[in-house]
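Note sheet for the following structure.
Derivation of every value follows stated rules applied to the coordinates shown; laboratory data play no part. Keep in mind it's a predicted model, so treat the numbers as computed, not measured. When we count neighbours, we look across all protein chains shown, and the Cβ atoms used for this are built from the backbone with ideal geometry, even at glycine.
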Amino acid sequence: MRVLLVEDHQIVRQGLRGLLEKAGHEVVGEASDGHEGLRLARTLSPDIAVLDLSMPRLNGLDAAREIRRVAPQVKTILLTMYTDKGYVLQAMKAGAKGYVLKTEAAEDLIRAIREISRGEVYLSPSVAASVVEAYLDESDVPADPLTPRERQILQLIAEGNTTKEIAQQLNISFKTAESHRNHIMKKLDLHDVAGLVRYAIQRGLVHA
């Protein structure tokens, strides 16, 4: 399979590249954040994109959503430390075909790629049971009131960027960035940056 690696830690990417190439897969590109990963998914059209869940600028969940929109032929696998069923359900809703824990054996990722290439969905064994339980209980993740653009801006706010820096990074006007910021606060009924950061952490957009 032709694989794209999107992971912000270079040493982890190097390890994954070695693992995948040893298994006979071709790593066609590497990226260190979701924005670059999205661009490469569109231009390189790999079979599979392996995305770290927590990345700067654009997290893996939103990157998976965008890849499904602009390059639907690319299947995505989220690589993460999070075992909470809420994150897994969000990943499935984002269109991810695999959810692999970094704590599992390296062969878990290889197994995921094999299953996904056959048209299956793959979950690491330690999270699969909790997801089945969630569906049987008809439990779900509370709806996120934010749009993809608002989630992206919320992540940038939580990472410490000013409104001016956000406008520059997203190539939008200061007024537009400020308007998004105000809409986010109104939707979430939050009135300071600390509250926004807490919400971003709860949603897995940034690390605590």
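Here are some notes:
- Gain upon complete extension [H183, R198; 0.36 nm per residue less C-alpha separation]: 3.7 nm
- Rounded Å value of the spacing that divides the Cα centres of region 1-18 and region 28-74: 12 Å
- Pairwise FRET efficiency - Q169 versus L44, Cβ, R0 = 30 Å, nearest 0.05: 0.85
- Over the chain, Cα pairs under 8 Å with separation of 6+ residues give a relative contact order of 15 percent.
- Count, lysine Cα pairs under 16 Å in the chain, 8 or more residues apart or across chains: 6
- Efficiency of FRET between Q73 and T176 - r from beta-carbon atoms, R0 30 angstrom, step 0.05: 0.40
- Exposed GluC sites (Glu not before Pro) absent: longest stretch of the chain, with sites in DSSP loops and at most 13 other Cβ within 10 Å deemed exposed: 1-119
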